[in-house]
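The values are calculated or read from the model by the stated rules, or taken from the named source; none is laboratory data. On a predicted model such as this, the values are computed, not experimentally measured, just so you know. When we count neighbours, we look across all protein chains shown, and the Cβ atoms used for this are built from the backbone with ideal geometry, even at glycine. We work out accessible area using only protein heavy atoms, side chains counted, and drop any ligands, DNA or RNA first. Shrake-Rupley method; radii C 1.70, N 1.55, O 1.52, S 1.80 Å.
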Amino acid sequence: MGKDIMVLQKNNVQIKYTTTDLDLIITSGRKEWRYDKSYNPYMEIKVNDENKKINFQGAQNISHTEYKTGLGEGIKSTYSDFIIKGQQLDIAFETLVWIDNTYGDVHFEFIPIREMKGMIKKVVWPGPFEFNKTGSDNYTVVPMMQGCIIPTNWKEKVEHIDDGRYYSRDAYMPWFGQIEEGKGYIAIAKTPWDGGYDLDHEGTGHTYIAPYWEPSLGCISYNRKIVYRFLDQCDYNTLCKIYREYIKQKGKFITLEEKNIRNANVAKLIGSPIIHTNIFTHIVEEPAYIMTKKILTTMTS
């Protein structure tokens, strides 16, 4: 173990964590997954009616320790005492990165300790991996609507529909993944209710995707968790099957046969096309409240 590097090896997975710049490298088999060089773990906050971005490294007090339970082993990091323009922010939190004993999955947890209500607007952690190899074997998978595969060399920009929020049109299921030359990973949000993914695909030869977490009633409030499984041989079908198995283990899997028993109309949907329709809209620069009131008045008149 080097002076500024913590290394954890377990179940054919290695985590190498640089404590000076918070860089992370995960090696599974012979494939190395590394944070993109442009990424620093950060939070978006609001201070004195101004929106700011603060990096985790901006904490005045940072510590890193080894973490071990009966479930697995990892690295715990603690951050506190942030200062912006001379103002002390009463924010403290921990992060856990650990490998479980059963599957060799890598778990990421963001744990709030102290926070100021209404201040934290977004936490982007863990970060996106470098992902810029071209070719048909390299693509990102997101459960956007009926499912979406984004080749790295796709020349067009990919836009969010609902800011990447889980359980929205951007992610009917709370997971995403990437495949590079047959090796890949799936990331499953274990606490999806106030989260989503940031996606950056500008059509310039790379795709960056990372989870984010938003507050609940003004605070991060509870531990945020996402688990990554790294695979030496896979495609998008493999990722879908892993998520299906995860849902089965959670006791939430319902087959079409079971749904049909509950509601016979389900059988009528099998084989039916999905057709999206729109009505004419005209958006004006007025407050949303007034617009909503006008729409309701029109509908009831």
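Remarks
- For the range 170-193, the candidate set comprises residues that are of a type outside the set (Ser, Thr, Tyr) and open to solvent by 40 Å² or more (accessible area, probe 1.4 Å); within that set, the residue that is nearest to residue 105 (Cα to Cα) is 190.
- The range 221-236, subset within 15 Å of residue 98 (Cβ to Cβ) and surrounded by 18 or more Cβ atoms within 10 Å (Cβ to Cβ), residue farthest from the chain's Cα centre (by Cα): 230
- Looking only at the range 70-79, and only at residues there that are touching a strand residue (DSSP E or B) at 6+ places or on another chain (Cβ under 8 Å) and farther than 20 Å from residue 25 by Cα, the one that is least open to solvent (accessible area, probe 1.4 Å): 79
- Note on the range 102-136: residues that are loosely packed, with under 15 Cβ neighbours inside 10 Å and either of a type in the set (D, E, K, R) or modelled with pLDDT of 95 or more (or both) total 4.
- Residues of the range 246-256 that turn out to be surrounded by 10 or more Cβ atoms within 10 Å (Cβ to Cβ) and not hydrophobic (A, V, I, L, M, F, W, C), as a count: 2
- Test: residue 37 is farther than 21 Å from residue 117 by Cα and surrounded by fewer than 12 Cβ atoms within 10 Å (Cβ to Cβ): yes
A quick yes/no check of all residues on (1) at pLDDT 95 or above; (2) out of contact with any strand residue (DSSP E or B) (no Cβ under 8 Å at 6 or more places or on another chain); (3) open to solvent by less than 20 Å² (accessible area, probe 1.4 Å); (4) closer than 26 Å to residue 188 by Cα:
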position: 27; (1), (2), (3), (4): yes, no, no, yes
position: 33; (1), (2), (3), (4): yes, no, yes, yes
position: 56; (1), (2), (3), (4): yes, no, yes, yes
position: 67; (1), (2), (3), (4): no, no, no, yes
position: 81; (1), (2), (3), (4): no, no, no, no
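- Residue in the range 161-169 that is open to solvent by 10 Å² or more (accessible area, probe 1.4 Å), among the polar types (S, T, N, Q) and more than 22 Å from residue 241 (Cα to Cα) present: no
- Flag for residue 40 being of a type in the set (S, T, N, Q), within 22 Å of the chain's Cα centre (by Cα) and not in a strand (DSSP E or B): yes
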